[in-house]
Amino acid sequence: MSHGHEIHIKQEKFVFTQKSKKFSLTLIFIGLLMTLAGITMAYNKDHKANHKHAASTAVESHHQSGSVNLVGVDTLRNDESKHPIVEGHAKPWYTRVYLNLMLNGYYLLLISICGLFFFALQYISNAGWSTVLLRIPQAMSTVFPIGALIILAVFLIDGDNIYHWVHYEHQHLEKGAPGFDAILASKQWFLNTPTILVFLVAIPLVWFLFGKKLRTLSETEDIEGGVSFFKKSIRFSAAFTFFFGFSLSVISWIVTMAIDSHWYSTIFSIYNFATGWVSCISVIALIVLYLKRNGYMDIITDEHIHDLGKFMFAFSIFWTYLWLSQYLLIWYANIPEESIYYYKRLEMPFKINFFINLIFNFLVPFLALMTRNNKRNPQIITIVAVIILVGHWNDIWLMLMPGSIDKSASIGLLEIGMTLSFVGLFIYLVLNSLSKKGLIPVNHPYIQESAHHDVGI
């Protein structure tokens, strides 16, 4: 809705102050200290108990009553009757460290690549409202290579302990041999180390090239103006969005769904997208409010904050729809191979986190952002955004831990400290990226429309 006059648009330059640098570096330092303390505690623990637990689990899987083994496979309906599946194997203490690296690296990747998707989506949808804040998701998108490298490194270093299918692959079992796993054998066309390594390298590389091209077009548009670069951005954004839909699915299968290697869900990739997308919107909202508190981007009004609040509200509901759909379909069918996923997560110590997931990711944003005024309130938006980010960190923790290190998982100094370090790193890199270029896309064709943005209610 236009105000009937043209607003003078001027470029702004963000200054990454020493205070902000100290804050982010302090978070990294405190996080590292807590991480080291957590690692020391994990090392000093009696990790022999983990080996004893894994061994007893393997014995139980061979001697349990009924036709369903420990991982939910009906042994009367397949050749597991001769060779029951043994899901777990003994895990060393350091696997918990690598899993936390995987968790935070994956969360970092999800948020930042969804930032690039947000940027591309505004072009292909011809959205005008978001033009004034496009530099924020653009800066966020520069961080995902770090997450991708961490995931790749963890897979190479400790994939044998994190992923049961990698451990099984290294056994080279033939059909009919003791321990042969018919389910994993049927998935080896995809779950094999060479294929996974190709995907873990090629997909982030293509994302990087798309991100670099879109940033170059946007920066050139700022300098030269006109609509030619805008039209090119639309074409490259469309190509990236098409690739993004398939490639993010593959990454989610590799990193999180493959943890429970006998289980799968056809809704899992869009569920991971929903986690990354609502977290990305929350981060954008936090950065917008931070910049405005520090005297930048006066062109952003309550109307833009309102729209970000609506996105947070809407996609929290969308995430819940997917979460509930997946749960109800599995619960209703009650097929052991499927229900084992939730069976694990509804046992202690994961049961508490399971319900925290629902409270933080649905109830809080749903109730807090239901009213119009709350969607325009910076304090409420800030609190809800932080809760959403914590909630979806917990969501990914639940995806990874029960299927890998099982009941030895916990949230302690190691988890909190490593996450704080990643938060500090993310803040430093994004604010540093924002300081390199102008904050406002002054020559974007829709900049005036964005400056006059009014939700109309």
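Residues in the stretch 389-412 that are part of a loop (DSSP other than H, G, I, E, B), open to solvent by 10 Å² or more (accessible area, probe 1.4 Å) and either touching an Asp or Glu at 6+ places or on another chain (Cβ under 7 Å) or touching a residue at least 60 places away in the same chain (Cβ under 8 Å) (or both): Ile405, Ser410, Gly412.
Filter the stretch 429-448 for residues that are over 19 Å from the mean Cα position of the chain (by Cα) and within 29 Å of Asn104 (Cα to Cα); which is surrounded by the fewest Cβ atoms within 10 Å (Cβ to Cβ)? Residue satisfying both the conditions and the ranking: Lys436. When the stretch 184-206 is filtered for residues that are assigned to a helix (DSSP H, G or I), touching a helix residue (DSSP H, G or I) at 6+ places or on another chain (Cβ under 8 Å) and farther than 15 Å from Ser252 by Cα, the ones remaining, listed by number, are Leu184, Thr193, Val206. State yes or no: is Ile317 modelled with pLDDT of 90 or more, open to solvent by less than 40 Å² (accessible area, probe 1.4 Å) and among the β-branched types (Val, Ile, Thr)? Against the criterion (modelled with pLDDT of 90 or more, open to solvent by less than 40 Å² (accessible area, probe 1.4 Å) and among the β-branched types (Val, Ile, Thr)), Ile317 does not qualify. Consider the stretch 9-35 and keep the residues that are β-branched (Val, Ile, Thr) and in a loop (DSSP other than H, G, I, E, B). The one that is farthest from Gly412 (Cα to Cα) is Ile9.
Here the condition is being open to solvent by less than 30 Å² (accessible area, probe 1.4 Å), in contact (Cβ under 8 Å) with a residue 40 or more places away in the chain, under 26 Å from Leu429 (Cβ atoms) and under 18 Å from the mean Cα position of the chain (by Cα); of Asn357, Asn272, Asn353, it holds for Asn272 alone.
Each residue in the stretch 139-181 was checked for being open to solvent by 30 Å² or more (accessible area, probe 1.4 Å) and on the phi < 0 side of the Ramachandran plot, and 18 pass.
For the stretch 218-253, the candidate set comprises residues that are buried (at least 21 other Cβ atoms within 10 Å of the Cβ) and aliphatic (A, V, I, L, M); within that set, the residue that is farthest from Pro402 (Cα to Cα) is Leu248.
Restricting attention to the stretch 291-314, the residues that are within 30 Å of Lys10 (Cα to Cα), open to solvent by less than 50 Å² (accessible area, probe 1.4 Å) and assigned to a helix (DSSP H, G or I) add up to 9.
The values are calculated or read from the model by the stated rules, or taken from the named source; none is laboratory data. Bear in mind the structure is a predicted one, so any value in this text is a computation, not a measurement. For neighbour counting, all protein chains shown are included, and Cβ atoms are generated from backbone atoms with ideal geometry for every residue, glycine included. Each accessible area value is taken on the protein alone, full model and side chains, heavy atoms only, with ligands, DNA and RNA left out. Shrake-Rupley method; radii C 1.70, N 1.55, O 1.52, S 1.80 Å.
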